[in-house]
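The values are calculated or read from the model by the stated rules, or taken from the named source; none is laboratory data. Only a predicted model underlies this, so the values are computations on that prediction, with no experimental measurement involved. All Cβ positions, even for glycine, are placed from backbone atoms using ideal geometry, and neighbour counts span all protein chains on display. SASA here: full protein model, heavy atoms, side chains in, ligands and nucleic acids out. Shrake-Rupley method; radii C 1.70, N 1.55, O 1.52, S 1.80 Å.
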Amino acid sequence: MGEFARRGVLVFGISGATWSAIDPLLRDGELPQLRALSKRGMSAVVMSERAPGDEHYRPQVAWATAATGCTAERHGVTRFFHEAADLRLPTLWDLWTEAGRRVGVYGWPGTWPPRPYPGFLIPSHLARDDQTWPPELAVVRGFEQRHRGAEREGQLLRHLAESARTVRRLRRIGMRTRTLLTLGGCLVRLPTLDEEEAALALRHARLELATDLFAGLCRTYRPDFRAFVTFLVDFASHRYWRYHQPDMFPPDHRRPGRALRSAVVDAYRHADRSLGRLLATMGDDCLVLVLSEHGMAPEPISSEIGDWRIVLRPERLAQMAGADPSIVGCPVARWLAFRQPRGGDPGALDRISENLRSMTFAGSRRPAFEVWNRPDEVVVRLSLSAAEFTGDLETSYIELGETRAPLGQIARRWGRTRSAMHDGQGVAVLAGPGVAPNGERQLVRLVDIAPTLMTLAGVPVPPHLDGRSFAE
């Protein structure tokens, strides 16, 4: 066990990756980093984890299972909007810290707000604000926070222009000149692209920037345990699988450009390039795990309503709900989290919750939103059904008391409806000291990931884990 004690560990997370998309690319000689790791180690189908009673595999739940080695029922993260305060059990980076190691975590869901660690922690895109550890790295999260808000409000061009102010600080952390030029190219091209193409181009740029910054932070902090999670594949698969396997879907008369037609495979290619860059920062004797928390499967008949994805606009909804000026709305996938980041009237969250619960669809009088009251926030999701939605945001109405407004006042159309959805079979490729090469793909459980990494790295495995090491 002591032989492995000081070897580094890299966990490279590709949310939503699936063997059904990877295998054809491997057969065509693509994804060289993943192919090389598979040859010198082992690959596996990962049986994912769902919260009790939930029909869906949710990334927040599954990444918590991977981090703790325990089921959702025990670790406590059972909703998409759950975060670190909901997690009841120690994570891999907690256990590495207890063993006297340094850690560096970037983009792992359920890590907000971060607590102090020997190293660094950058929460995922689901975080509510720009908090990081150490606090001086807040510029890293701030870039993505502004991007998400601007995307919801349809102001991406303004976001990119305003982000120029942070370039100097990002450069000091690790942003390359090449990435700066890529973001500049997005700024120039954005007015010529349709909304879906623009969103895709910016997400590729974000992955390039995140890889730069993570590599730079690892050079500075030199963590023993390193974890990096990207959601580019998950995003591209959800939105553009219809172009990846067009024969499974009704005919599309939009004539999408090359970027959308190849969006899924391009996302995998980009993830593989990022993996290669991060492997170059590690020693030859490091332990490497490539992991997806669940898989992805085509959804020819989308469960989303209509032809277009509808997203809430935080500022507009807060205004209609009569929110106090201290209230700020933060996008969390399809949800919005309303918070008071700088304090204020202690009753303001209760009032916005009451008003959101009172909003109804005109005609049916059915509640327009699902609302969850949490200790420091109110989480809301649009409860849209075919009965109330005409397909036109300007002719579907919501009401609050005597106020009546078109749905388009508080929501906007953003991309096509989903064409793929999570399934229960994720991806794992493991290579490094103690991992015997095995050409036959294995079947493992997501709860087995944490104890396997700890066993191979010489970190004591707590007795409370639900999983067991498959390296043994």
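Would you mind telling me which numbered condition in (1) more than 25 Å from the chain's Cα centre (by Cα); (2) open to solvent by less than 30 Å² (accessible area, probe 1.4 Å); (3) of a type in the set (S, T, N, Q) Gln442 fails?
Tallying (1) more than 25 Å from the chain's Cα centre (by Cα); (2) open to solvent by less than 30 Å² (accessible area, probe 1.4 Å); (3) of a type in the set (S, T, N, Q), Gln442 fails exactly one: (2).
Taking the range 64-90, which residues are under 25 Å from Asp212 (Cβ atoms) and in a loop (DSSP other than H, G, I, E, B)?
Of everything in the range 64-90, nothing turns out to be under 25 Å from Asp212 (Cβ atoms) and in a loop (DSSP other than H, G, I, E, B).
Open to solvent by 40 Å² or more (accessible area, probe 1.4 Å) and either in a strand (DSSP E or B) or free of Cβ contacts under 8 Å to residues at least 12 places away in the same chain (or both): does that describe Ile301?
Taking the combined requirement at face value, the residue satisfies it.
In the range 305-322, which residues are open to solvent by less than 30 Å² (accessible area, probe 1.4 Å) and part of a loop (DSSP other than H, G, I, E, B)?
The answer is Ala321, and nothing else.
Just name the residue that is surrounded by the fewest Cβ atoms within 10 Å (Cβ to Cβ) out of those in the range 5-42 that are outside any loop (DSSP other than H, G, I, E, B) and without any contact (Cβ under 8 Å) to a residue 12 or more places away in the chain.
Our first condition is that a residue be outside any loop (DSSP other than H, G, I, E, B); within the range 5-42, this holds for 9-14, 19-27, 32-40, 42.
Going one step further and asking which of them are without any contact (Cβ under 8 Å) to a residue 12 or more places away in the chain, we end up with 23-24, 27, 35-36.
Values: Asp23: 12, Pro24: 12, Arg27: 9, Arg35: 16, Ala36: 15.
Selected residue: Arg27.
Looking only at the range 238-268, count how many residues are surrounded by 15 or more Cβ atoms within 10 Å (Cβ to Cβ), part of a helix (DSSP H, G or I) and not acidic (Asp, Glu).
Total satisfying the criteria: 15.
Residues Gly53, Gly41, Gly16, Gly8: which one is farther than 22 Å from Asp234 by Cα and at pLDDT 95 or above?
So the residue among Gly53, Gly41, Gly16, Gly8 that is farther than 22 Å from Asp234 by Cα and at pLDDT 95 or above is Gly41.
Can you name the residue in the range 91-123 that is part of a helix (DSSP H, G or I) and in contact with a helix residue (DSSP H, G or I) (Cβ under 7 Å, 6 or more places away or on another chain) and is also nearest to Glu144 (Cα to Cα) among such residues?
Among residues in the range 91-123 that are part of a helix (DSSP H, G or I) and in contact with a helix residue (DSSP H, G or I) (Cβ under 7 Å, 6 or more places away or on another chain), the one nearest to Glu144 (Cα to Cα) is Leu92.
Looking at Glu49, Glu98, Glu83, Glu73, which is the one that is of a type in the set (D, E, K, R), farther than 28 Å from Leu202 by Cβ and crowded, with 20+ Cβ neighbours inside 10 Å?
Glu49
Give the residues of the range 162-174 that are modelled with pLDDT under 85 and open to solvent by 60 Å² or more (accessible area, probe 1.4 Å), sorted by residue number. If you could, list the steps in order and put the result at the bottom.
The first filter runs over the range 162-174 and keeps only residues modelled with pLDDT under 85, leaving 162-165.
Scanning the range 162-174 gives Glu162, Ala164, Arg165.
Run Ala420 past the list (1) farther than 26 Å from Asp284 by Cβ; (2) in contact with a helix residue (DSSP H, G or I) (Cβ under 9 Å, 6 or more places away or on another chain); (3) open to solvent by 20 Å² or more (accessible area, probe 1.4 Å) and report the number of the one that doesn't hold.
(3)
Here are some residues: Glu73, Glu83, Glu49. Which one is among the acidic types (Asp, Glu) and within 22 Å of Leu289 (Cα to Cα)?
Details: Glu73 fails: within 22 Å of Leu289 (Cα to Cα); Glu83 fails: within 22 Å of Leu289 (Cα to Cα).
Answer to the check: Glu49.
Name the residue that is surrounded by the fewest Cβ atoms within 10 Å (Cβ to Cβ), counting only residues in the range 339-364 that are in a loop (DSSP other than H, G, I, E, B) and modelled with pLDDT of 90 or more.
So the residue we want is Gly347.
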